[in-house]
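The values are calculated or read from the model by the stated rules, or taken from the named source; none is laboratory data. Just so it is clear, the structure is predicted and the values come from calculations on it, not from any experiment. Counting neighbours? That spans all protein chains shown, and the Cβs are built from the backbone with ideal geometry, glycine included.
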Amino acid sequence: MTKKKLHISLYQFIIASLFVVFSFSGAAAQEDATTSDGESSAPVEATDAPADSGAGGNATQGEALFKANCASCHRLYKDAVGPALFNVTQRHDREWLYKWIKNSSALIASGDAEAVALYNEWGQSNMNAFPQLSNSDIDDILAYTDTPKPVATTIERTEEVGGGTVDNTMTNNLVLGALALVLVVLIVVLFAVNTTLKRFAAANGIQTEFEEEKPARTPIWQLFIQNQFLVLVSAVFLLLASAYFVYGGLMSVGVDQGYAPVQPIHYSHRIHAGVSQIECKYCHSSVRESKHAGIPSLNVCMNCHKSIAEVAESTYAEGMEEYGIDYNKEIQKLYKATGWSDAEQAFVGEEEPVRWVRIHNLPDLAYFNHAQHVQAGNIACQTCHGEVQEMEIMYQYSPLTMGWCINCHRETNVDLQGNGYYEEIHKELSEKRGGRQLTIADLGGLECGKCHY
């Protein structure tokens, strides 16, 4: 039995009105976030433009020279292997700085009191000589060291109208408030009209609700059972689908493709292998001679991170906004594990083992030699591990199944470049096979004993 109501659908109107108001609110908010000329009014980082020093140095050129010659031992605003260099021109005379930077050892040997004091203050560490730098180059570097540390500020954007200023946010709020008031008035009016019509119908004996009888219908499940052909087709389909999913599930046992565990110290291959272009073999050095690629020692990390305690501001912002990772905190985890003190520039604490989580793990019944593939076969790391230089979080790219390995052996040609051993074998076997290019399978790459013995 159903009932048909003849009064106005008040709730549908309210929902539609709210949708219109919220849509306008979103558009107004978006308009408020953008200025009239299309530029965003979001908080920006205000930095003081590097000013040229009194000696006419160029801070922009000085930044490039600083990173090429000084950054391995010095930072601008924090002590490292050497002292922080911000405002160094206020601590030392410029002529003295020329002599010190070009040959600090000679200045110390001459008995210069200021040079000897600085030498003793920093543990008698010898500074590299830079005789190739001219006074103009040094002026550029000193201009860069005088650059104030950036301070984040928020800029409020207003528009001038008739000699005054009108805040876009306030204008939008007034418009939204007016629309909301109109909506409330409409709801009250419609509610009153609906109530009045109901009373009028009741007073005049007008029927507003009707009952309607529907013919009895046969349930769908009964119709399905009565159709034997449809039952047979459905049963066959279910059996085939079940077999497909069961087979797929069984074949995926032990296949960890896409596995990306959380590591105790976050390491971004995207930054190291991608942005910084560090070669894979620098960290995974054992891949040249061993079956294992190996886990790099933390000493390898400290080769660079003794001088890199903080990432660039743009890199830090990218990590927080896109990946939710504080790279500076991850570097501090590295320091804690190695016992390194950034303040003292020495290993003063106790070492702590890092419990890395293994990602690629072949079964014991399978033998794989990295050196044979990387060194002898000249196979790129990306062939098996994917575009590692683009991975923020390392994961298993390939399935590493037996079928996947065999297909690779069938499709990969033997690389003869700079490999006299393969050149001789390739020449003999190629003549027996009609002179065609040989694949790894032709060299026995499909024999069971290659991987299982």
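Per-residue answers, yes or no, for (1) within 41 Å of the chain's Cα centre (by Cα); (2) surrounded by 15 or more Cβ atoms within 10 Å (Cβ to Cβ); (3) touching a residue at least 12 places away in the same chain (Cβ under 8 Å):
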| position | (1), (2), (3) |
| --- | --- |
| T89 | yes, yes, yes |
| Y98 | no, yes, yes |
| I101 | yes, yes, yes |
| S110 | no, no, no |
| A117 | no, no, no |
| S125 | yes, no, yes |
| K149 | yes, no, yes |
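Among the candidates E431, E390, single out the residue that is modelled with pLDDT of 90 or more and either farther than 21 Å from G449 by Cβ or not aromatic (F, W, Y) (or both).
Just a single option satisfies the conditions, and that option is E390.
Which of the residues that make up the stretch 284-339 are of a type in the set (V, I, T) and under 20 Å from V388 (Cα atoms)?
V287, I295, V300, T315, I325
Kindly check whether there is at least one residue in the stretch 338-349 that is under 30 Å from Q382 (Cβ atoms), surrounded by fewer than 17 Cβ atoms within 10 Å (Cβ to Cβ) and over 21 Å from the mean Cα position of the chain (by Cα). No: zero hits. Out of E350, E392, one residue alone is charged (D, E, K, R), touching an Asp or Glu at 6+ places or on another chain (Cβ under 9 Å) and assigned to a loop (DSSP other than H, G, I, E, B). It is E392. Looking across the stretch 290-299 at every residue that is in a loop (DSSP other than H, G, I, E, B) and surrounded by 15 or more Cβ atoms within 10 Å (Cβ to Cβ), the one that is farthest from the chain's Cα centre (by Cα) is identified as A293. So in the stretch 442-453, with the set limited to residues that are modelled with pLDDT of 90 or more and surrounded by 13 or more Cβ atoms within 10 Å (Cβ to Cβ), which one is nearest to D364 (Cα to Cα)? Going through the qualifying residues, I end up with C451.
Among the residues of the stretch 414-436, none qualifies, meaning not one is surrounded by 16 or more Cβ atoms within 10 Å (Cβ to Cβ) and under 28 Å from H269 (Cβ atoms).
Please verify whether L97 is of a type in the set (A, V, I, L, M) and within 26 Å of A346 (Cα to Cα), treating the condition exactly as stated. Judged against the criteria, L97 is not a match.
Each row is one residue, and each column tells you yes or no for (1) aliphatic (A, V, I, L, M); (2) in contact with a strand residue (DSSP E or B) (Cβ under 8 Å, 6 or more places away or on another chain); (3) without any contact (Cβ under 8 Å) to a residue 40 or more places away in the chain; (4) not assigned by TED's automatic domain parsing to the domain that holds A84.
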{"position": "K291", "(1), (2), (3), (4)": "no, no, no, yes"}
{"position": "N303", "(1), (2), (3), (4)": "no, no, yes, yes"}
{"position": "S307", "(1), (2), (3), (4)": "no, no, no, yes"}
{"position": "S314", "(1), (2), (3), (4)": "no, no, yes, yes"}
{"position": "G324", "(1), (2), (3), (4)": "no, no, yes, yes"}
{"position": "T338", "(1), (2), (3), (4)": "no, yes, no, yes"}
